[in-house]
1. For region 1-84, which helices (runs of 4 or more DSSP H) that fit wholly inside it have 3 or more residues that are open to solvent by less than 50 Å² (accessible area, probe 1.4 Å) and within 26 Å of Leu110 (Cβ to Cβ)?
2. Restricting the search to region 107-127, which residues are open to solvent by 30 Å² or more (accessible area, probe 1.4 Å) and charged (D, E, K, R)?
3. Filter region 104-129 for residues that are aromatic (Phe, Trp, Tyr) and assigned to a helix (DSSP H, G or I); which is farthest from the chain's Cα centre (by Cα)?
4. What pairs can you find where one residue is in region 72-96 and of a type in the set (Gly, Ala, Ser), the other is not in a helix (DSSP H, G or I), and their Cβ atoms are less than 8 Å apart, with a gap of 6+ or different chains?
5. Just a yes or no: is a residue in region 210-231 open to solvent by 80 Å² or more (accessible area, probe 1.4 Å) and either polar (S, T, N, Q) or touching a strand residue (DSSP E or B) at 6+ places or on another chain (Cβ under 7 Å) (or both)?
6. Going by what's in this entry, would Ala196 be described as surrounded by fewer than 14 Cβ atoms within 10 Å (Cβ to Cβ), within 22 Å of Trp119 (Cβ to Cβ), modelled with pLDDT of 95 or more and more than 20 Å from the chain's Cα centre (by Cα)?
7. For residues that are within 23 Å of Ala197 (Cα to Cα) and among the hydrophobic types (A, V, I, L, M, F, W, C), tally how many sit in region 76-118.
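The values are calculated or read from the model by the stated rules, or taken from the named source; none is laboratory data. Predicted model only: the values in this text are computed from it and were never measured. Neighbour counts are summed over all protein chains in view; Cβ atoms, including those assigned to glycine, are modelled from backbone coordinates with ideal geometry. Side chains included, ligands, DNA and RNA excluded: accessible areas come from the protein's heavy atoms. Shrake-Rupley method; radii C 1.70, N 1.55, O 1.52, S 1.80 Å.
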Amino acid sequence: MRDLCRARADLVQDRTRARHRLSKFLLCHGRPWRGGNAWTLTHERWLLAQRFEEPALAATYAHYRAVLEGRDAQLAAIEADLAGWQDRAPFADAVRHLAAYRGITRLGALTLASEVGDWRRFPHAAAFTGFCGLVPSEYSSGTSTRRGTSPRPATPTCAPSWSGSAWALKHRPAVGLELRERHKGLDPAVLARAWAAQLRLCGRFRRLAARKDSKNVVVTAIARELAGFVWAEMTA
C-alpha cells in the first residue's frame, strides 16, 4: 500500500509537470490565463477554445493536451484503486480517525497511515513533525545556533500535503457536508479532539496571518501544529 501511495505521488508530480509545460507553451505564444484559478472547469473551457493557425503549433498544443489528459486518466485510475483500501484492514481505523480532522482527506489519511505504520516509533510530537519535514533545519557548532528553512520530509509521501491541509484552516471553524460525512459513526471523544484542534488552529491562523508578511511561514506553523494533533490522536 505504501508503494501504491508513492506511485500516486509520482503521478501527481508528472501531472504537475505536464500542466506547467502546457501553460508555459501558451504563455510563450502570448496566451496567458487571466480568468482566476487555473485548472478549473472555466480554465478547461478556455483551453478547449484555443486554436493555432500554424500546423506545427497546433500539433504541439494537441500533444501537450494529450499528455495531460493521459496523466489525468492515470491518476484517476490509481485513486480508484486506493479508494478500495480506505475501509479495509489494517488501515480502516486509522483512516477514520485521521479524516476526522479538517484538512485531511480520506486519501491523505490512507497515505499517511501507510507511510507511518507504527505510530509508537515516534516518542513525541516533535519527532513526528521532524519526520514530516515541518521543523526548521539547524546548523549548530559550539555555542552558535543557526536555524534555516524546513528540511525535506523523510519520504515524499509521509504527509497528506501538509500545506494544503493548513490552508483549509484559514477560514472560520465549521463542519461542512464532507467533513460531517466523515464524522459519521466516530467516537464522540475523537470528534471532540478534532473540533478542539480546529478551533485552535483556525484562530491561530488568523492571528499569525495578521502579524506575518509571509503566508508560507503561517502555513508551515499551522501544518506543524496539525501534525502534532494528528500524532496525539493516533497515540492516544
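1. Fully inside region 1-84 and qualifying: 2-28, 55-83.
2. Scanning region 107-127 gives Asp118, Arg120, Arg121.
3. Trp119
4. Cβ pairs passing all conditions: Ala92/Gln86.
5. Yes, some residue in region 210-231 is open to solvent by 80 Å² or more (accessible area, probe 1.4 Å) and either polar (S, T, N, Q) or touching a strand residue (DSSP E or B) at 6+ places or on another chain (Cβ under 7 Å) (or both).
6. Details: surrounded by fewer than 14 Cβ atoms within 10 Å (Cβ to Cβ): yes; within 22 Å of Trp119 (Cβ to Cβ): yes; modelled with pLDDT of 95 or more: yes; more than 20 Å from the chain's Cα centre (by Cα): yes.
When the stated conditions are applied, Ala196 passes them.
7. 14
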